[in-house]
Amino acid sequence: MKVYLDNSATTRMDDEVLKSMKPYFSDIFGNASSLHSFGREALAKVDESRALLAKLINAKTSEIYITSGGTESDNWALKGAAYAHKKEGMHIISTKIEHPAVMQTLKALEKDGFSITYLDVDKDGLVSVSDLIDAVRDDTILVSVMFANNEIGSIQPIAEIGKFCSEEGILFHTDAVQAMGSIKVDVKAMNIDMLSLSAHKFHGPKGVGLLYIKDGVRIDRLILGGHQERSYRGGTTNVAGIVGMAKALEIAVNEMEQNNAYVKKLRDYFIERVLKEIPDCKLNGGMEHRLVSNANISFDYIEGESILMLLDLEGIAVSSGSACSSGSLEPSYVILALGRKMEEAHSSIRFSFGKDNTMEETEYTIEKLKEVVAKLRSWSPLFKEIKGGTLNV
Ligand code: PLP
């Protein structure tokens, strides 16, 4: 059996999305910036898709800027806002659990003289709004807090943070890459100034995303070039990508309630059985404010990578920490930020469910996981030392 439980890394593109994109690779192939009929036809579809994207997050069409994905949107929001507002202050507030797309950009800004406060999270992976309020200084120009975390699925109090920032006149950016599709996003009601999205996380195409920039918010350009995206982001318009992203978001928003209920049922069943039937394992992050798709569990005495590889041999795809940081031997900074020990961070696995998963797959994964954990522990000198060789796993 093949089981894909890595839906936070990327999702399978919906058939409907692929169908909507196809004509824009070959039949309607014009450059959306061209003045002739080929270009105009492509532009008409881009305009229609942009309007749909805007409607789905309660933004205006003029506030949607197409990018190459979440990473570019995050880089642009942070660098663009920081450099445009440098004269007013050089302090930025963010968190210790941001995705590398935000984290690395903040590190680069630090090298450039900006001062960054990285807020702690509690054991459930949540930031405290009062900590954020306390961190504000006279020179604070920007707050960037992710909507939902990619490793543990914790959902931050975005509306509350947005309200505070708008009252204080501080720009507020949120990386909503993981949230979109599972949480209703309303940029106006939540007082969001900038929001990053990526289509491949909600069954759309890879390599396309957007940055919502509220009208009137001033940020510098990141990608210099032609006059695309109202002269704010150069590069030939990715017509098929935009069409696919809009279709995918439309489906995701329309199906959200029913998909969430279905995915939550599988995920909750999985967590309950794993915690009950496999000794010495713990859920990372809390259950209350958590994406319905996410289960992140540490299995004491063994390495997450080994679990991942043995599950892979059984046809099950999971992730040890963020897919973007796999390949590095560093333990996950997100799991460490929860107060977990180094070994616990090393032994964590992320299982991320999606609408295409079934109960049969969930059962199969639980059974295989029990076997894999027992096998690895039987090989583990640490386990033998601590448990005295009792292999009742
Ligand atoms: N932000 C978060 C929270 C993510 O999970 C990811 C991808 O894993 C990104 C940003 C980067 O998005 P993209 O893959 O579109 O560059």
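Below, the figures for the structure above:
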{"quantity": "Among (1) under 22 Å from ALA176 (Cβ atoms); (2) in contact with a helix residue (DSSP H, G or I) (Cβ under 8 Å, 6 or more places away or on another chain), the one test that ARG273 misses", "calculated": "(1)"}
{"quantity": "SER33 being surrounded by fewer than 17 Cβ atoms within 10 Å (Cβ to Cβ) and away from the ligand (no atom under 16 Å from the Cβ)", "calculated": "yes"}
{"quantity": "Sole exception among (1) within 14 Å of the ligand (Cβ to nearest atom); (2) of a type in the set (A, V, I, L, M); (3) surrounded by fewer than 21 Cβ atoms within 10 Å (Cβ to Cβ) for ALA101, by number", "calculated": "(3)"}
{"quantity": "Selected residue (criterion: most open to solvent (accessible area, probe 1.4 Å)) from residues of segment 113-142 that are touching a His at 6+ places or on another chain (Cβ under 9 Å) and within 16 Å of the ligand (Cβ to nearest atom)", "calculated": "LEU126"}
{"quantity": "Candidates GLU167, GLU160, filtered to the one that is open to solvent by 30 Å² or more (accessible area, probe 1.4 Å), under 19 Å from TYR118 (Cα atoms), charged (D, E, K, R) and away from the ligand (no atom under 11 Å from the Cβ)", "calculated": "GLU160"}
{"quantity": "In segment 312-330, the residues that are modelled with pLDDT under 85 and hydrophobic (A, V, I, L, M, F, W, C)", "calculated": "ALA323, CYS324, LEU329"}
{"quantity": "First in segment 144-162 and free of Cβ contacts under 8 Å to residues at least 60 places away in the same chain and farther than 10 Å from GLY125 by Cβ, second anywhere and within 11 Å of the ligand (Cβ to nearest atom) and in a loop (DSSP other than H, G, I, E, B), Cβ under 6 Å, 6 or more apart", "calculated": "MET146/GLU98; PHE147/ALA176; PHE147/ALA179; ILE158/PHE147"}
{"quantity": "Within segment 331-344, tally of residues that are surrounded by fewer than 22 Cβ atoms within 10 Å (Cβ to Cβ) and either among the aliphatic types (A, V, I, L, M) or modelled with pLDDT of 95 or more (or both)", "calculated": "5"}
{"quantity": "Cβ pairs under 6 Å, 6+ apart, first in segment 290-302 and of a type in the set (Lys, Arg), second surrounded by 23 or more Cβ atoms within 10 Å (Cβ to Cβ) and outside any strand (DSSP E or B)", "calculated": "ARG290/GLY153"}
{"quantity": "Single residue of ARG273, ARG267 found to be over 19 Å from TRP379 (Cβ atoms), basic (Lys, Arg) and within 19 Å of the chain's Cα centre (by Cα)", "calculated": "ARG267"}
{"quantity": "Cβ-Cβ under 6 Å pairs, at least 6 apart or on other chains, segment 182-207 side buried (at least 21 other Cβ atoms within 10 Å of the Cβ), far side modelled with pLDDT under 95 and not in a helix (DSSP H, G or I)", "calculated": "PHE202/GLY181"}
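Yes/no matrix, rows are residues, columns are (1) open to solvent by 50 Å² or more (accessible area, probe 1.4 Å); (2) assigned to a loop (DSSP other than H, G, I, E, B); (3) in contact with a helix residue (DSSP H, G or I) (Cβ under 7 Å, 6 or more places away or on another chain):
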| position | (1), (2), (3) |
| --- | --- |
| MET287 | yes, yes, no |
| ILE297 | no, no, yes |
| ASN357 | no, yes, yes |
| LYS368 | no, no, yes |
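The values are calculated or read from the model by the stated rules, or taken from the named source; none is laboratory data. Keep in mind that what you see is a predicted model, and the values were worked out from it rather than measured. All Cβ positions, even for glycine, are placed from backbone atoms using ideal geometry, and neighbour counts span all protein chains on display. Ligands, DNA and RNA are excluded from the accessible area calculation, which covers all protein heavy atoms including side chains. Shrake-Rupley method; radii C 1.70, N 1.55, O 1.52, S 1.80 Å.
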